[in-house]
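The values are calculated or read from the model by the stated rules, or taken from the named source; none is laboratory data. The model shown is predicted, which means the values in this text are computed figures rather than measured ones. Here the Cβ positions follow ideal geometry from the backbone for every residue, glycine too, while neighbour counts run over all protein chains shown. SASA here: full protein model, heavy atoms, side chains in, ligands and nucleic acids out. Shrake-Rupley method; radii C 1.70, N 1.55, O 1.52, S 1.80 Å.
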Amino acid sequence: MSEMNVQNPFIVGKYLSDSYFCDRENETEFLRKQIVNGRNVALISPRRIGKSGLIQHFFHQQDIQENYYLFFVDIYATTSLGEFVYTLGKEIFEQLKPQPTAWKEKFFQIISSFRIGCKLDPYTGVPTLDIGLGDIQTPTTSLDEIFTYINEADKPCVIAIDEFQQIGEYAEKNVEALLRTKIQQCNKVQFIFSGSKRHIMSNMFNSPSKPFYQSAISMGLEPLPMDVYSDFAIRLFEERSRKLEREVVETIWQRYDGYTWFVQMMMNELFALTPDGGTCLPPMIPIARKNVIMSQEGSYKDLLSNLPPKQKMVLQAIAKEGIAQNITSGKFIKKYNLNSASTVQSAVKLLLNNDLVTKTDTGYRVYDFFLSDWLATIY
């Protein structure tokens, strides 16, 4: 998507440019300071608060683009070392493909285990990577080759690995130690380890018994200040001949605790509902909220259909509470016709593991605010 084609300035799920990115100046400067000074970073915060956007924003800084090769690897969907190696290798190849560097030409010379997946485009003659997971016979060998290749880069690299805690779920049990060893041997790379499961990430980087102990500077990410985001939203409306009542954006920010993705989704819909030359007013909020929630209804129904009955009942109960406290108390169990305290405990544990529920300082809530609203109103 080019900037010339942007009809709605409230971009969701991708990074376009700093024109559509709100603030994070201090956080961007913090990342720059760590990377420039040769330190790895562990970026730890909840999902959908803006970690990936911050990393992409950092990668788009002119000095960073000019002085580093930049790679962003999302391993959320990976389940094994082989998949990790494939994802990392593919990202490196795809990012280097358009760059006329001698280092790029060495890719298949050094990473010989990927050579089987190289083919030439019949029209352009440009090599493309056409390797499947099954083609990676020995992931550790391929990983060695990848890190050897990175160490021969003609300028420093930054590799951001999103949802890094996923390596703890791999079938192989020595992945943390293996990666730590390889990373220590890389003198041309700084790493940004980004993760949303805070207790797992904190344990990885702050526990003396873990391979990654003290290997990175820990960095949290808080919601954007309400006044900063409000100014940002009002500006985007004004730049497109629309007006936005400050009360509207502040109401949205407060309802969704400043979580960037949810706030952006609502502002995207509110912008779509506001006619050219018009004003976005508070009565439009329920309409936008209903539209956004109903657009997700199909996926929410699928999700519920795949949940065991006991987990579904506990999830619905937490949604109706908003913030659920004392979930194993007799009062809570009786109110929602749940079976027993032990049943609730086991269900919540699974819901937490699957990121459907999160624990806050005040209690439990459904992680997806829109899912919570849908469950509370439909069921």
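Note down the magnitude of the dipole of the chain about its Cα centre, charges +1 on Lys and Arg C-beta and -1 on Asp and Glu C-beta and zero elsewhere, to the nearest 20 debye.
Numbers: 40 positive and 43 negative charges, 269 e Å.
In debye, rounded to 20, the chain gives about 1300.
Around the Cα centre of region 191-305, unit charges on the Cβ atoms of Lys, Arg, Asp and Glu (plus for the first two, minus for the last two) sum to a dipole of about 380 debye. Of the listed values [x] 38, 29, 20; [y] 32, 28, 17; [z] 35, 26, 21, identify the label whose number matches semi-axes √(5λ) of the Cα gyration tensor in Å calculated from this model. The value matching this structure is [x].
As a test of the formula, what do you get for the chain when each DSSP H run with n ≥ 4 contributes -39,500 (n - 2.57) and the sum is divided by the residue count, at 222 nm and rounded to the nearest 500 deg cm²/dmol? Let's see the in-between values first.
Working: 18 runs with 183 residues, N = 379.
That comes out to -14500 deg cm²/dmol.
Summary value for the chain: 17 percent relative contact order, contacts being C-alpha pairs under 8 angstrom separated by 6+ residues.
Please work out how much length the chain gains when fully extended from Asn26 to Asp361, using 0.36 nm per residue of separation minus the C-alpha to C-alpha distance, in nm with one decimal. Display every interim value, and only then the final one.
On the way: separation 335, 0.36 × 335 = 120.60 nm, distance 2.56 nm.
118.0 nm is the gain from fully extending Asn26 to Asp361.
Simple rule: put +1 on each Lys or Arg Cβ and -1 on each Asp or Glu Cβ in the chain, find the dipole, and look at Val228, Leu270, Ile75; the Cα lying farthest toward the positive end is Ile75. Among Asn40, Leu356, Gln190, pick out the residue whose Cα is farthest towards the positive end of the charge dipole of the chain, where Lys and Arg carry +1 and Asp and Glu carry -1 on C-beta, about the Cα centre. Positive-end residue among those listed: Leu356. As a calculated quantity, the FRET efficiency between Lys14 and Thr140 at R0 = 22 Å, using C-beta atoms, amounts to about 0.05. Test of understanding: in a Gaussian network model of the chain with alpha carbons linked when under 10 Å, which of Gln62, Gln214, Gln254 would top the mean-square fluctuation ranking? With Cα springs under 10 Å in the chain, the top fluctuation among Gln62, Gln214, Gln254 is at Gln62. Could you pull out the pairs from Lys51/Lys188; Lys331/Lys359; Lys14/Lys106; Lys197/Lys331 whose alpha carbons sit more than 28 Å apart here? Distance filter (> 28 Å) returns Lys14/Lys106; Lys197/Lys331. Among the aspartates and glutamates, select those whose C-alpha is under 18 Å from the C-alpha of Lys33, and discard any that sit fewer than 8 residues away in the same chain. Qualifying aspartates and glutamates at Cα under 18 Å: Asp23, Glu25, Asp63, Glu66. Each Cα pair under 8 Å and six or more residues apart adds its separation to the average, and for region 219-314 the resulting relative contact order is 26 percent.
What's the magnitude of the charge dipole for region 266-347 around its Cα centre, counting Lys and Arg as +1 and Asp and Glu as -1 at the beta-carbon? Answer in Debye, nearest 20.
Working: 9 positive and 5 negative charges, 116 e Å.
Result for region 266-347 is approximately 560 debye, rounded to the nearest 20.
Here the Gaussian network model covers the chain, with springs between Cα atoms less than 10 Å apart; of Gln95, Gln137, Gln311, Gln137 fluctuates the most. When the chain is treated as a Gaussian network with alpha carbon springs shorter than 10 Å, the biggest mean-square fluctuation among Pro282, Pro211, Pro309 belongs to Pro309. The heavy atoms of Val12 present about 40 square angstrom of accessible area, all protein chains included, probe 1.4 Å.
Determine the relative contact order of region 168-261: mean sequence separation of Cα pairs under 8 Å and six or more apart, normalised by residue count, in whole percent.
Values: 48 pairs, mean separation 17.6, N = 94.
Relative contact order here is 19 percent.
Straight Cα distances below 19 angstrom link Lys334 to the lysines Lys310, Lys312, Lys320, with same-chain residues fewer than 8 positions distant left out. Ordering Ile323, Thr141, Tyr86 by the projection of their Cα atoms onto the charge dipole of the chain, which places +1 on the Cβ of Lys and Arg and -1 on the Cβ of Asp and Glu, puts Ile323 at the extreme positive end.
Placing dummy labels 7 Å off each Cα toward the beta-carbon, the span from Thr279 to Ala171 is 6.2 nm.
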